[in-house]
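Below you'll find the structure, written out as structure tokens, and then a few comments.
The values are calculated or read from the model by the stated rules, or taken from the named source; none is laboratory data. Predicted model, so just to flag it, every value in this text is computed and none were measured. Here the Cβ is made from the backbone with ideal geometry for all residues, glycine too, and neighbour counts use every protein chain on show.
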Amino acid sequence: MICLNCGKHVDDDVRVCPFCGSAIADEEPTEADPLPINLPPRERIDDGFERIERDEPAPAPAPAPAGKNLFNPGLIFGLLSLILSLLCLVTIFSLRGAVRQLAAAQTESLNAINASVSTANDRLDQLDSTLAKVQSEAYEKVASQSIAITKDITPLTGPVDEGKNNQMFIVRAKGNLNVDTSFDWQKYNEATGGWVSIVFTGDATTNEQYGLRLENQRDATNNEFTTILWAQFITQEAAGTYRCVITDATGITKTSAEATVSIKPAEG
């Protein structure tokens, strides 16, 4: 139990407080009757703590010195960041404009270069065409000096009867020629778009597919050569365009005119 005089704990069977000598009551005080605590003044002074009244207001903090917030590092860092951001934006927009101008200038330069290249290619094509023409004319002049065609192909007046034998074309020429190797009769191939040899040169050779025969002659008195293309049981496959290519001993060639053959089908 508790002594009502000094407030110390004592045994329940004690009737006199061993601490203050006061008599101990039989009944403990209720909550409505709080125990009086009479502490000696020495204990109140030596407890080492200041007593603070609960109803006293807390002291207000001392005001900050004037002008201290002006040098706030966070504020200064934020302002510097904002300024740098603005500078970066201005620089980026300036660079974008410069890049666009540079790209436009490069595009214009490339277009000018392409135009120049195109013009140069056109001129080269013209030069190639002119050179090819000059070479062709020069070659023709040399060929004319080496080979002279005294009688060219004469076109037929009408179709050739299928299976008939008759002379179709004749060509005469002078030059350093050979009766067996200088005359090459050719037929135009519509499928391939090129000329194909149809008979071998020589005294008398034939092509049974077309029903043709070749005959070459030489007049030693005039040094003139004659090549004759004969129809010998001519077939429908012989229809088409013909020419004769003449080659001299040095390899120079000269081409005759062209003539077309049509075949009249045999009756019955």
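Restricting attention to segment 233-268, the residues that are farther than 26 Å from residue 177 by Cα, touching an Asp or Glu at 6+ places or on another chain (Cβ under 9 Å) and of a type in the set (S, T, N, Q) add up to 2.
Residue-wise test of (1) modelled with pLDDT of 80 or more; (2) within 60 Å of the chain's Cα centre (by Cα).
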{"position": "5", "(1), (2)": "yes, no"}
{"position": "30", "(1), (2)": "no, no"}
{"position": "53", "(1), (2)": "no, no"}
{"position": "56", "(1), (2)": "no, no"}
{"position": "76", "(1), (2)": "yes, yes"}
{"position": "85", "(1), (2)": "yes, yes"}
{"position": "108", "(1), (2)": "yes, yes"}
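Consider residue 218 carefully, then state whether it is within 27 Å of residue 267 (Cα to Cα) and modelled with pLDDT of 90 or more. Working first, answer last.
Working: within 27 Å of residue 267 (Cα to Cα): no; modelled with pLDDT of 90 or more: yes.
No.
May I ask you to verify whether residue 124 is surrounded by 10 or more Cβ atoms within 10 Å (Cβ to Cβ), farther than 30 Å from residue 222 by Cβ, out of contact with any His (no Cβ under 8 Å at 6 or more places or on another chain) and modelled with pLDDT under 90?
Values: surrounded by 10 or more Cβ atoms within 10 Å (Cβ to Cβ): yes; farther than 30 Å from residue 222 by Cβ: yes; out of contact with any His (no Cβ under 8 Å at 6 or more places or on another chain): yes; modelled with pLDDT under 90: no.
Judged against the criteria, residue 124 is not a match.
For segment 235-245, how many residues meet the condition of being touching a Lys or Arg at 6+ places or on another chain (Cβ under 6 Å) and in contact (Cβ under 8 Å) with a residue 60 or more places away in the chain?
As a first pass, look at segment 235-245 and keep what is touching a Lys or Arg at 6+ places or on another chain (Cβ under 6 Å): 240, 242.
Adding the requirement that they be in contact (Cβ under 8 Å) with a residue 60 or more places away in the chain leaves 242.
Matching residues across segment 235-245 total 1.
Among the residues of this structure, residue 170 does not count as one that is within 17 Å of residue 224 (Cβ to Cβ) and under 59 Å from the mean Cα position of the chain (by Cα).
Restricting the first member to segment 209-225 and to residues that are within 26 Å of residue 241 (Cβ to Cβ), and the second to residues that are exposed (fewer than 13 other Cβ atoms within 10 Å of the Cβ) and of a type in the set (Gly, Ala, Ser), the beta-carbon pairs closer than 6 Å and six or more apart or on different chains are 215/204. Of all residues in segment 149-158, none satisfies being part of a helix (DSSP H, G or I) and not basic (Lys, Arg).
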